[in-house]
1. Is one or more of the residues making up segment 83-93 basic (Lys, Arg) and within 15 Å of the ligand (Cβ to nearest atom)?
2. Is it true that some residue in segment 222-239 is within 19 Å of Arg456 (Cβ to Cβ) and in a loop (DSSP other than H, G, I, E, B)?
3. I need a count of the residues in segment 350-378 that are closer than 12 Å to Pro227 by Cα and within 12 Å of the chain's Cα centre (by Cα).
4. Does at least one position in segment 547-558 carry a residue that is at negative phi and modelled with pLDDT under 95?
5. Condition first: surrounded by 18 or more Cβ atoms within 10 Å (Cβ to Cβ) and among the hydrophobic types (A, V, I, L, M, F, W, C). Now tell me which residues in segment 421-444 satisfy that.
6. Quickly run through segment 412-432 and pick out the residues that are more than 16 Å from the ligand (Cβ to nearest atom) and under 30 Å from Val234 (Cβ atoms).
7. Quick one: is Lys303 farther than 27 Å from Met360 by Cα, under 28 Å from the mean Cα position of the chain (by Cα) and not hydrophobic (A, V, I, L, M, F, W, C)?
8. Just to be sure, is Phe161 of a type in the set (Phe, Trp, Tyr), within 11 Å of the ligand (Cβ to nearest atom) and either within 20 Å of Ala9 (Cα to Cα) or outside the structural domain of Arg411 (by TED's automatic domain parsing) (or both)?
Amino acid sequence: MSDSVIRAAHDVLIVGGGGAGLRAAIAIAETNPGLDVAVVSKVYPMRSHTVSAEGGAAGVIADDDSLDEHCYDTVSGSDWLGDQNAIEAFVREAPRELLQLEHWGCPWSRQPDGRIAVRAFGGMKKKRTWFAADKTGFHMLHALFQTSLRYAEVTRYDEEFVTRLLVDDGRVHGAVAIGLMSGRIQAITAKAVILCTGGCGKVFPFTTNANINTGDGMALAYRAGAPLEDMEFVQYHPTGLPFTGILITEAARAEGGWLLNKDGYRYLQDYDLGTPTPTPELRSMELGPRDRLSQAFVHEVEKGRAADSPYGPVVHLDLRHLGEALIDAKLPFVRELCLKYERIDPVHELVPVRPVVHYMMGGVSTDIDGATPLGGLYAAGETACVSINGANRLGSNSLPECLVFGARAGRAAAEYASAAGSTPSVVEAQATDEVRRLERDLLGKRPGGESIAAVREDMQATMEEAAGIFRTGPAMAKGADTLAELQERIGDVDLADTSRSFNTELLAALELANMLDISECILQAGMQREESRGAHQRTDFPARDDERFLTHLLVHRNPDGRSRIEHMPVTITRWVPGERVYGR
Ligand SMILES: Cc1cc2nc3c(=O)[nH]c(=O)nc-3n(C[C@H](O)[C@H](O)[C@H](O)COP(=O)(O)OP(=O)(O)OC[C@H]3O[C@@H](n4cnc5c(N)ncnc54)[C@H](O)[C@@H]3O)c2cc1C
């Protein structure tokens, strides 16, 4: 590397220190202790979004459950768009991963006889969701983080932001990152890179996602030449607190909570949720799949049966009949969030809720070992699309997905890195280019330009309008036109802050550019998919159309920067597409 570019070299570079990233790091250290691993994270790892997961992680363990049933629930929950080879591997390995996590220190809640406690979760016919009270993500991430500290071969770059992948001839050789405190820009070369950068909820205005969930990894991969898959499928969670978007976990309904409209009526009984009650105990009405519950909310609003709030229409979550003892034992965090953010005590009062953008089914297209079509580039966790979630993810499948596919990607990347040659010198020019671009943006004063916040708000409003719970072709086309205008406008954003240390304005500009690319992919794929399936509901094409669309859509980036869509067959092993019902 030239003198102007600071360089660090490792065998494997992991971008992201959440559940998937840390699991991958441990897998590499265990597979080949001779490899040198770097974990770069734009926040301190324990602040990754995984920490906020509440409800739990699915894995077959109960006596009356079976791997086949977990597979079937996931396949039908995905509206038959999930790849069944990936789902089978996932379901088989999830219990092993969850047990392993306990040995690393995760305190799973237990039954009185000492066995692992499991709770019901939406769209799952059996109780198979492991939990650590309602702070599951915190305990899982903590166990992974402290385990990763055991390995001296793992070097952490905390609070460093990756801005670009280094690619030569279809192979990835590292990344460029900027240190948030120092403003120092460096090239981190590696034989393999694993993207574990989480979701992209912030492309929408109202989301449960943390501010950091801006889909950076998806944008990095897309620009480097790797396709994105299933991008049209964005999950709404039916119960977010109005205004903040803070999630009230599905566990609240799993423990017996009801959803009421403004007349105090359990309105879900009026809707086809695809859930003939499997057992009264599973209370499948409130535990219907997330997409159908969110759609039912929109219909209640249309019928004038939602309640008003300062932040728009809401329905109510009723936990009062559960009693204080159960709420404190099983849902303490729910009570705390309601008290702190709404000044409401769910033991005595109704909780206002509305659907909120929660999870991205799509992401960087990978095989079942996390490999993308680019040599040396892997992805795992929410940023990846394996695809086990297809058109709709079942709650509590995502945390174990991070474990299973984080570990698989780690092992595959370790193997690749062990055999790979040295870094070609051409990546130096790319690193130098990127340093120049960042220096220019960092130091260049361009008074009178666009405001980052204004463009971001316009993007979020456009996405809600064009790609919300219900969509139409014309609305998405109009949204895509607006996004093209916003792309022009960000070319002219004004960075008033030219400081090097914690230049959050520069970060906001980089994240916004990423989110605009991702928004465009969501709309392009959404326009192509002329059917309704899972989370993608088109009022102009209300039926599922297996003949034309039992297929993944891949969004590629052309050299001119425009997108191109290709079809990729869904892998079907044992479960032929059928109607999406949850009871048999
Ligand atoms: C409120 C909430 C509750 C949830 N509850 C559940 C649940 O109960 N059960 C379940 O199964 N799922 C749940 N989910 C979903 C699940 O938690 C996530 O899908 C999963 O934790 C994502 O983990 P990850 O490792 O992929 O990403 P994250 O945990 O989001 O980590 C992403 C990492 O990437 C880093 N990063 C990102 N961009 C860059 C960049 N440019 N440069 C450097 N580093 C970068 C970040 O610093 C971070 O370390 C929930 C999600 C939310 C939002």
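The values are calculated or read from the model by the stated rules, or taken from the named source; none is laboratory data. In this text, all values refer to a predicted model and were calculated from it rather than measured experimentally. For neighbour counting, all protein chains shown are included, and Cβ atoms are generated from backbone atoms with ideal geometry for every residue, glycine included.
1. no
2. no
3. Qualifying residue count, segment 350-378: 3.
4. Initial filter on segment 547-558 (at negative phi): 547-558.
Right, trim to modelled with pLDDT under 95 and you get 558.
Looking through segment 547-558, at least one residue is at negative phi and modelled with pLDDT under 95.
5. Let us first name the residues in segment 421-444 that are surrounded by 18 or more Cβ atoms within 10 Å (Cβ to Cβ), namely 423, 427-428, 430-431, 434-435, 438, 441-442.
Result: Val427, Ala431, Val435, Leu438, Leu442.
6. Within segment 412-432, Ala412 is the sole residue that qualifies.
7. Values: farther than 27 Å from Met360 by Cα: yes; under 28 Å from the mean Cα position of the chain (by Cα): no; not hydrophobic (A, V, I, L, M, F, W, C): yes.
Spelling it out, it is not the case that Lys303 is farther than 27 Å from Met360 by Cα, under 28 Å from the mean Cα position of the chain (by Cα) and not hydrophobic (A, V, I, L, M, F, W, C).
8. Values: of a type in the set (Phe, Trp, Tyr): yes; within 11 Å of the ligand (Cβ to nearest atom): yes; either within 20 Å of Ala9 (Cα to Cα) or outside the structural domain of Arg411 (by TED's automatic domain parsing) (or both): yes.
For Phe161, the condition - of a type in the set (Phe, Trp, Tyr), within 11 Å of the ligand (Cβ to nearest atom) and either within 20 Å of Ala9 (Cα to Cα) or outside the structural domain of Arg411 (by TED's automatic domain parsing) (or both) - is met.
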